[in-house]
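Asker: Handing you this structure, nothing more for now.
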Amino acid sequence: MKSDHRLPLRRTVLRLATGLGAATAVGLVVADPGTSPARRPAGAAGSQAAALRTRPLAYRLRPMTGHTPPRYRPAAPPVRTRPFEQLTDIGHAMVLTFDDGPDPLYTPHILDTLRKHDVRAMFFLCGEMANDNRDLVRRIADEGHTVGNHTWTHPLVTKLSRAGVIEELGRTSDVIEEITGAAPLWYRAPYGAWNRNSFEIGAAMGMEPMAWTVDTLDWTVPGTDTIVRRVRRGAGPGVVVLSHDAGGNRSQSVAALRRYLPQLLDDGYRLTVPRR
Ligand SMILES: [Zn+2]
């Protein structure tokens, strides 16, 4: 690990610890005392504690006026069990997403096409690519696109330990924040392989999970015509399109965007990014 990442990572770990701390506090409030290991009494002292616990708490014996029960910290962000696969309530609009970049060979062309049509999209960046192509990350953000987190090294998240997920997502959020001034609000699991760890850790880092509706399978290099056809056949309100601007030869993805983007606009679609 390069030394310039140590400090930022520490920042995210602290942020994460704060989030998990809030979740733990809420968990204790709602947990059944009889089943919560943290409160299970042991030995004689435990029996006394159990007896005490069966009595009503003092404040419950008093009238509600004049006494305020202890206040607890607000709940942690919602932890989802599924990613967003499409968006609702965005009208006749679609979302274009580009994964694995930024790549100096392809991302500038994608950005040029989006700018030509005054369209905003989402870019799910790999931290190591972002770190190596900082000017491109700045350009993506400066041109109004949404920068998302796609892990640092593009691993199969379901094979990672919890600490591994924290490292992959945390380093990436940190480098994005370092470059753009804002931590990402969305993340996408490589290969679409989601699990509970990543939902929980993503939520604690302030990110929502975004999957997709239409997979162009552009990484299989199926031909520009096929990519264009897949996007147009899958088009619909709220549809999220997955393409790639890195990770291999993406010249077909670049060429396809030049064709399907004006066609979608002609069909009356707005291309947008989610507001958060
Ligand atoms: Zn990917």
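The values are calculated or read from the model by the stated rules, or taken from the named source; none is laboratory data. Since the structure is predicted, the reported quantities are computational estimates derived from the model, not experimental observations. Cβ placement follows ideal geometry from the backbone for every residue including glycine, while neighbour counts extend to all protein chains displayed.
Asker: Would a scan of segment 114-133 turn up a residue that is within 16 Å of the ligand (Cβ to nearest atom), more than 19 Å from residue 241 (Cβ to Cβ) and touching a Lys or Arg at 6+ places or on another chain (Cβ under 7 Å)?
Answerer: yes
Asker: In segment 178-205, what residues are within 14 Å of the ligand (Cβ to nearest atom), touching a residue at least 40 places away in the same chain (Cβ under 8 Å) and either of a type in the set (Asp, Glu) or in a loop (DSSP other than H, G, I, E, B) (or both)?
Answerer: 188, 189, 194
Asker: Within segment 147-161, which residues are more than 12 Å from the ligand (Cβ to nearest atom) and either in contact with a strand residue (DSSP E or B) (Cβ under 8 Å, 6 or more places away or on another chain) or modelled with pLDDT under 95 (or both)?
Answerer: 147 - this is the single residue of segment 147-161 that is more than 12 Å from the ligand (Cβ to nearest atom) and either in contact with a strand residue (DSSP E or B) (Cβ under 8 Å, 6 or more places away or on another chain) or modelled with pLDDT under 95 (or both).
Asker: Among the listed residues 175, 119, identify the single one that is crowded, with 18+ Cβ neighbours inside 10 Å and not in a loop (DSSP other than H, G, I, E, B).
Answerer: 175
Asker: Does residue 275 meet the test of being away from the ligand (no atom under 16 Å from the Cβ), farther than 27 Å from residue 184 by Cα and within 26 Å of the chain's Cα centre (by Cα)?
Answerer: Criteria not met by residue 275.
Asker: Go through 213, 172, 180 for me and flag whichever is among the polar types (S, T, N, Q) and over 17 Å from residue 151 (Cα atoms).
Answerer: Step by step, each of 213, 172, 180 is checked, and only 213 is among the polar types (S, T, N, Q) and over 17 Å from residue 151 (Cα atoms).
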